[in-house]
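Okay, structure first, notes after.
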Amino acid sequence: TQLLEQSPQFLSIQEGENLTVYCNSSSVFSSLQWYRQEPGEGPVLLVTVVTGGEVKKLKRLTFQFGDARKDSSLHITAAQPGDTGLYLCAGASRLNNNNDMRFGAGTRLTVKP
Amino acid sequence: DTGVSQNPRHKITKRGQNVTFRCDPISEHNRLYWYRQTLGQGPEFLTYFQNEAQLEKSRLLSDRFSAERPKGSFSTLEIQRTEQGDSAMYLCASSRGDGYTFGSGTRLTVV
């Protein structure tokens, strides 16, 4: 079982559309990270959030950490084909002594031109 | 290039053989992690080193798996008596305590 549940599992949209993907857990996280992974490569860090309610923006990407630090969302505005990839959230919690990040199964995003 | 380097990129082995993978982390990073990723899943934690000390091991890491980080620099992950279920992407990441930098992984296929 995954400590972090990500939804939707798959998402296919047209270029220019907006989208939101979610990362949920029953556990409280000391920090949560979002990564993007392309086929045959390792994940690449996009952002780290640590404070409940925190919002961070990275160009067209907006990341939000829930007030209770149990969930997070990633919103992409005006998606582009280059945004295609597997979006992973990962969290550190007391369950793993805050030593390492545990990953969700990811949301596989396809943006069609 | 000062990223995380993993070798080999691909490995095909026969069931029952032993394999060893190498990870060279970013030199300033004292923390090193090994993860395993199968198709359609996120990375699963295997083990974690701080400098040369192995501080945590997942129960996924059976007695056929062993990892070392001599001198706190590069790390090796060895799988003995490989099984078909070991087929996966093995990812290494390093960190100074914040975000992880991942290597490109070693894809293992056990036939």
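General remarks:
- Every test in (1) within 14 Å of chain A (Cβ to nearest Cβ); (2) buried (at least 16 other Cβ atoms within 10 Å of the Cβ) is passed by residue B:109 save one, and that test is (2).
- When the stretch A:33-57 is filtered for residues that are over 17 Å from residue B:43 (Cα atoms) and either outside any strand (DSSP E or B) or more than 9 Å from chain B (Cβ to nearest Cβ) (or both), the ones remaining, listed by number, are A:49, A:50, A:51, A:52, A:53, A:54, A:55, A:56, A:57.
- Only a single item in (1) of a type in the set (Phe, Trp, Tyr); (2) more than 20 Å from residue B:98 (Cα to Cα); (3) without any contact (Cβ under 8 Å) to a residue 60 or more places away in the chain is not met by residue A:10, and it is number (3).
- Qualifying residue in the stretch B:16-36 (condition: within 29 Å of residue A:9 (Cβ to Cβ) and touching a helix residue (DSSP H, G or I) at 6+ places or on another chain (Cβ under 9 Å)): yes
- Of all residues in the stretch A:86-93, none are free of Cβ contacts under 8 Å to residues at least 60 places away in the same chain, open to solvent by 60 Å² or more (accessible area, probe 1.4 Å) and in a strand (DSSP E or B).
- The stretch A:46-74, residues that are of a type in the set (A, V, I, L, M) and open to solvent by less than 60 Å² (accessible area, probe 1.4 Å): A:46, A:47, A:49, A:61, A:68, A:74
- Meets criteria (of a type in the set (Phe, Trp, Tyr), farther than 17 Å from residue A:102 by Cβ and open to solvent by less than 80 Å² (accessible area, probe 1.4 Å)) for residue B:45: no
- Residue selected from the stretch B:1-30 under the condition open to solvent by 60 Å² or more (accessible area, probe 1.4 Å) and not in a loop (DSSP other than H, G, I, E, B), by the criterion farthest from residue A:41 (Cα to Cα): B:20
- Selection within the stretch A:94-113: residues that are assigned to a loop (DSSP other than H, G, I, E, B) and within 14 Å of chain B (Cβ to nearest Cβ). The member of this set that is most open to solvent (accessible area, probe 1.4 Å) is A:97.
- Residue in the stretch B:91-100 that is assigned to a loop (DSSP other than H, G, I, E, B), open to solvent by less than 60 Å² (accessible area, probe 1.4 Å), at pLDDT 95 or above and facing chain A (nearest Cβ under 8 Å) present: no
The values are calculated or read from the model by the stated rules, or taken from the named source; none is laboratory data. These numbers were taken from a predicted model, which means no experiment stands behind them. Using ideal geometry, Cβ is built from the backbone for each residue, glycine included, and neighbour counts are taken over all protein chains shown. When the accessible area is computed, the model is the full protein with side chains, heavy atoms only, and any ligands, DNA or RNA have been set aside. Shrake-Rupley method; radii C 1.70, N 1.55, O 1.52, S 1.80 Å.
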